[in-house]
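The values are calculated or read from the model by the stated rules, or taken from the named source; none is laboratory data. Predicted, not measured: the structure shown is a model, and the values here were computed from it. Neighbour counts are summed over all protein chains in view; Cβ atoms, including those assigned to glycine, are modelled from backbone coordinates with ideal geometry. We work out accessible area using only protein heavy atoms, side chains counted, and drop any ligands, DNA or RNA first. Shrake-Rupley method; radii C 1.70, N 1.55, O 1.52, S 1.80 Å.
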Amino acid sequence: MTMQRTPLLMSRLLDRGARLSPDEEIVTATSTGRHRQSYAQTRARACQLANALRRHGIKVGDRVATFMWNGRRPLEAYQALPSMGAVLHTLNIRLSPRELEYIVNHAADRVLLVDADLLPLLEPLRGKLASVELIVVGCEAGGFQTTLPNAVDWEDFIGSEPADYRWPELDENAPMGLCYTSGTTGNPKGVMYTHRSTYLHTMAQAMTDAMALSATDSVCGIVPMFHAMGWGLPFSATMLGAKQVMPHRFMDPKSLLDLIAAEQVTISAGVPTIWQGARAALEAEPERWDLSQLQRLTCGGSAPPVSLMRWFWDRLGVEMIQGWGMTETNPLGTLSRRIAKRKHRELSLDAQFENIAKAGLLMPGLEIEIVDDDWKALPHDGRATGNLLIRGPWICSEYFNDPQPEKFHDGWLVTGDVAKIDPEEYLIIADRAK
C-alpha cells in the first residue's frame with residue numbers, strides 16, 4: 001500500500017489553532033493592562049503581515065528578523081513568515097551592537113520587525129546594516145521616533161492588506177527559522193531550522209512524556225521568543241489552539257505572578273532565575289496570588305537547584321520539568337519529569353527528585369552518545385564521563401554559511417558538553433569541554 005506523501009510544512013500546524021479554536025485568546029501584558037485578541041484575529045493579522053511583506057518584495061527563502069519582546073506581534077510573525085516561505089530570524093535583544101551588526105549582515109536580513117521601545121538599541125547601527133531595506137515598528141500607543149531610515153508603523157504597514165493568504169506548497173526541507181548561538185568562542189554561529197525539523201520538534205514537544213501540552217492549557221512563555229524560538233512553545237501552543245499569555249517587557253516577579261494568576265496559567269517556561277525570583281515573591285506574600293490552576297513549570301538554560309524544584313512541589317504541588325538542549329538542537333534534547341517511567345511511582349519522593357536533578361531522558365527520535373577523545377563510545381553506567389554527541393531529525397548538521405567541521409562528526413553534533421549517561425539512560429551533564 002502506498003501512503004499519501006504530504007510535506008511536513010509549518011503552515012499546516014500553525015493554521016490548526018485558528019481553525020479549531022478561533023475564539024481562544026492570545027493575551028499580551030501592556031503598560032495599561034492586557035491586550036486580548038483571538039486566534040482568528042491573530043491568523044488574519046498574520047496573513048495581512050505576509051501580504052504586506054510580499055508586496056514589499058519578500059520571497060521564499062528571504063530572511064526577516066524580529067527584535068521584540070514576547071507578545072502578539074512576534075506571534076503573528078511566527079505564523080506569517082514560515083507559512084509564506086520566508087525565514088523567521090529571531091534577534092537577541094540583549095546582544096551588543098557589534099554582535100547585532102555581525103548577525104544581521106551575516107544573515108542578510110531584508111526587513112526588521114521591531115518593538116518601538118527597543119529602537120534605541122538599534123540606533124548605533126544606523127548606516128551599518130547593508131541588507132536591511134525596511135524597519136516595521138510595533139507600538140503600544142503614541143507612535144515612535146527614530147533616526148533609523150525606512151521605518152514604518154506596523155499597523156500602517158499591514159492595515160490595508162487582505163486578511164487571507166494562500167500559503168505556498170514548499171519543500172519540507174526548506175528553511176523556516178534562523179537563530180544564532182551566543183558566540184562564546186568567535187563570532188555567533190547561525191543555526192537554520194527547516195520546516196521538517198521544526199514540525200517534528202513541535203509534535204514531540206507536546207507529547208505527554210515531554211511537556212504534556214494540551215488545547216486545554218493556558219501557556220505562559222516567559223523564555224524569550226528570540227531564544228531558540230522560545231523553546232518551541234509558540235509553535236506547539238499555536239498548533240494546539242491553547243490559550244497563550246505573553247509577558248512582553250514586564251518581567252519582574254510580581255508582574256509575572258500577577259499575570260499567571262489572573263490568566264489562570266497552567267504551564268509556564270523560564271530559566272532558573274525567573275523561578276527563584278517567583279519563589280522569593282511568593283514567600284514574601286504567600287496570600288497574594290492564587291496559583292491553584294498552575295500545574296507545570298519548565299526550566300532550562302541551566303540546571304535548577306533541587307531545592308527550588310522541591311519547594312514548588314511541596315508548597316504548590318507544581319511539577320518543575322528540567323530540560324537540556326542547545327540552539328543547535330532546536331532546542332529540546334532531553335526532559336526530566338518527576339515520574340518518567342511506570343516503575344518510578346514506587347520510588348520515594350527523595351528518589352524521584354534525584355532523577356529530576358539529572359538533565360533527563362532523550363526526546364523520541366533522537367540519539368545521544370558519550371565518547372572519548374578517539375571517538376570510542378563509552379559505557380552508559382553513570383560513571384564514565386565523555387564528550388556528548390547527539391543526532392536526530394531536528395539536530396543541526398551544519399552552520400549557516402559558516403563551516404565548522406570540528407562541531408560535527410560522522411552525522412553527530414559535537415555539543416561541547418562533557419556528560420555521563422546512567423543505566424536508565426538519563427543524561428547527566430558534568431562540564432563544558434572548553
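In region 167-194, how many are assigned to a strand (DSSP E or B), of a type in the set (A, V, I, L, M, F, W, C) and open to solvent by 20 Å² or more (accessible area, probe 1.4 Å)?
1
Of everything in region 213-258, what is farther than 20 Å from Glu25 by Cα and hydrophobic (A, V, I, L, M, F, W, C)? Give them in sequence order.
Within region 213-258, Phe226, Ala228, Met229, Trp231, Met251 meet the criteria.
Hey, His344 hits all of (1) over 24 Å from Leu294 (Cβ atoms); (2) without any contact (Cβ under 8 Å) to a residue 40 or more places away in the chain; (3) open to solvent by less than 20 Å² (accessible area, probe 1.4 Å) but one; which does it fall short on?
Here His344 clears every test but (1).
Would it be correct to say that Asp290 is out of contact with any His (no Cβ under 8 Å at 6 or more places or on another chain) and in a helix (DSSP H, G or I)?
Criteria not met by Asp290.
Need the failing condition index for Ile356 against (1) open to solvent by 10 Å² or more (accessible area, probe 1.4 Å); (2) among the hydrophobic types (A, V, I, L, M, F, W, C); (3) under 26 Å from Ser292 (Cα atoms), just the number.
(1)
Listed residues Ser236, Ser197, Ser214; which is modelled with pLDDT of 95 or more and either farther than 30 Å from Asn401 by Cβ or part of a strand (DSSP E or B) (or both)?
The conditions single out Ser214.
Being of a type in the set (A, V, I, L, M) and not in a loop (DSSP other than H, G, I, E, B) is the filter here; which residues of region 74-90 pass it?
Once the filter is applied, which keeps residues that are of a type in the set (A, V, I, L, M) and not in a loop (DSSP other than H, G, I, E, B), region 74-90 yields Leu75, Ala77, Ala80, Leu81, Met84, Val87, Leu88.
Can you tell me which residue in region 411-434 is least open to solvent (accessible area, probe 1.4 Å), limited to those that are out of contact with any Lys or Arg (no Cβ under 8 Å at 6 or more places or on another chain) and in a loop (DSSP other than H, G, I, E, B)?
Among those that are out of contact with any Lys or Arg (no Cβ under 8 Å at 6 or more places or on another chain) and in a loop (DSSP other than H, G, I, E, B), it is Ala433.
Hey, among the residues in region 300-321 that are open to solvent by less than 10 Å² (accessible area, probe 1.4 Å) and under 21 Å from Met207 (Cα atoms), which one's modelled with the lowest pLDDT?
Restricting to residues being open to solvent by less than 10 Å² (accessible area, probe 1.4 Å) and under 21 Å from Met207 (Cα atoms), the top hit is Gly300.
State all residues of region 274-287 that are farther than 18 Å from Gln264 by Cα and part of a loop (DSSP other than H, G, I, E, B); if no residue qualifies, say none.
The answer is Glu285, and nothing else.
What is the one condition in (1) out of contact with any strand residue (DSSP E or B) (no Cβ under 8 Å at 6 or more places or on another chain); (2) within 23 Å of Ala340 (Cβ to Cβ) that Ile368 does not satisfy?
Of (1) out of contact with any strand residue (DSSP E or B) (no Cβ under 8 Å at 6 or more places or on another chain); (2) within 23 Å of Ala340 (Cβ to Cβ), only one is false for Ile368: (1).
How many of the residues making up region 91-114 are open to solvent by 10 Å² or more (accessible area, probe 1.4 Å), outside any loop (DSSP other than H, G, I, E, B) and in contact (Cβ under 8 Å) with a residue 24 or more places away in the chain?
6
Please indicate, with yes or no, whether at least one residue in region 329-341 is part of a helix (DSSP H, G or I), under 23 Å from Trp394 (Cβ atoms) and not aromatic (Phe, Trp, Tyr).
yes
Go over the candidates Thr266, Thr273 one by one and state the one that is within 24 Å of Leu13 (Cβ to Cβ), among the hydroxyl-bearing types (Ser, Thr, Tyr) and either surrounded by fewer than 22 Cβ atoms within 10 Å (Cβ to Cβ) or at pLDDT 95 or above (or both).
Just one listed residue meets the conditions, Thr266.
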